[in-house]
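Visitor: Right, I'll just put the structure down here and ask away after.
The values are calculated or read from the model by the stated rules, or taken from the named source; none is laboratory data. Being a predicted model, the structure only gives us computed values, none of them experimental. Glycine gets a Cβ as well: all are built from the backbone with ideal geometry, and neighbour counts include every protein chain shown. Just so you know, the surface numbers come from the protein's heavy atoms only, side chains and all, with ligands and any DNA or RNA stripped out. Shrake-Rupley method; radii C 1.70, N 1.55, O 1.52, S 1.80 Å.
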Amino acid sequence: MENKRALGSKYEDLAVAYLEELGFEILERNYRTRFGEIDIIAREYVEEKVFHKTIGSDYLCFIEVKYRSSNGSGTPFDAINYHKMRQISRCALHFLRENRISDNQSMRFDVIGIQGDRGIELIRNAFPFSC
């Protein structure tokens with residue numbers, strides 16, 4: 001039986017591979033501060049059509065990975081409560097300051113849920129900044 005850290009690392013590896021398939025650039029894994037940890041920090045370039053023009057946006061993404069073997073204790077997304085959102089937001093703010101990233105940088109908080117044999121799901125912009 002795998003310990004919790006090894007199991008978490010296994011599913012984070014799966015999440016990273018999934019994100020890379022979607023075109024994300026992985027910047028950091030397991031970014032730790034005194035406020036807590038962010039599982040994955042990545043960059044995603046998104047093109048959108050607006051009034052017959054293609055506009056590109058560069059997002060800095062702070063991503064939480066949650067795994068559940070079954071629905072017994074809820075979905076992976078149920079594990080993201082206000083306390084967790086606040087912790088991730090504070091870590092993100094620390095990352096921005098530490099790396100001197102402009103306040104104009106588009107950013108978002110995403111969650112990847114992995115549930116038993118049901119697969120992997122990414123929710124972009126899953127929650128707002130919460131400090």
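Visitor: Express the accessible area of the chain per residue in Å², computed with a 1.4 Å probe while the remaining protein chains stay in the model. Before the final figure, lay out the partial values.
Guide: Numbers: 8280 Å² over 131 residues.
So the chain comes to 63 Å² accessible per residue, rounded to a whole number.
Visitor: Excluding the sites themselves, what is the longest stretch of the chain that contains no trypsin sites (Lys or Arg not before Pro) in a DSSP loop with at most 14 other C-beta atoms within 10 Å? If you can, show how the numbers build up before the last one.
Guide: Working: sites that count: Arg34, Arg100.
In short, 35-99.
Visitor: Pick from Phe51, Phe24, Phe62 the residue whose mean-square fluctuation is largest in a GNM of the chain, springs joining Cα atoms under 10 Å.
Guide: Ranking Phe51, Phe24, Phe62 by mean-square fluctuation puts Phe51 first.
Visitor: Further question on the same structure: Just how much of Tyr45 is accessible, in Å², when a 1.4 Å probe is used and the result is rounded to the nearest 10?
Guide: Roughly 140 Å² of Tyr45 is accessible to a 1.4 Å probe.
Visitor: Counting helices only, and only those DSSP H runs with n ≥ 4, report the 222 nm mean residue ellipticity of the chain as the sum of -39,500 (n - 2.57) divided by its residues, in deg cm²/dmol to the nearest 500.
Guide: On the way: 2 runs with 35 residues, N = 131.
Using -39500 (n - 2.57) per qualifying helix, the result is -9000 deg cm²/dmol.
Visitor: Another question about this same structure. Contour minus end-to-end for Lys84 and Glu37, with contour as 0.36 nm per residue of separation and end-to-end as the Cα-Cα distance? Provide the component values of the computation, followed by the final result.
Guide: Values: separation 47, 0.36 × 47 = 16.92 nm, distance 0.99 nm.
Separation in residues times 0.36 nm, less the Cα-Cα distance, equals 15.9 nm.
Visitor: Can you tell me the mean projection area, over all orientations, of the convex hull of the chain's alpha carbons? Units nm², please. Each step should come with its number before you reach the end.
Guide: Working: hull surface 37.5 nm².
So the Cα hull casts an average projection of 9.4 nm².
Visitor: Which of Gly113, Gly23, Gly56 moves most in a GNM of the chain, Cα contacts under 10 Å?
Guide: Among Gly113, Gly23, Gly56, the largest GNM mean-square fluctuation belongs to Gly56.
Visitor: Sequence gap of 8 or more, or different chains, plus Cα separation below 23 Å: how many lysine pairs satisfy both in the chain?
Guide: Working: Lys4/Lys66; Lys4/Lys84; Lys10/Lys66; Lys10/Lys84; Lys66/Lys84.
The result is 5.
Visitor: Please report the carbon-and-sulfur percent of the accessible area for the chain; probe 1.4 Å, protein heavy atoms only, DNA, RNA and ligands left out. Please list the in-between numbers first.
Guide: Working: 3840 of 8280 Å².
Percent of accessible area from carbon and sulfur atoms in the chain: 46.
Visitor: Can you give me the angle between helix 82-98 and the longest principal axis of the chain, using Cα atoms only, in degrees from 0 to 90, rounded to the nearest 10?
Guide: With both axes taken from Cα atoms, the answer is about 50 degrees.
Visitor: Turning to a different aspect of this structure: For the chain, find the longest principal axis of its Cα atoms and tell me its angle to the long axis of helix 4-21, 0 to 90°, nearest 10.
Guide: That works out to roughly 40 degrees.
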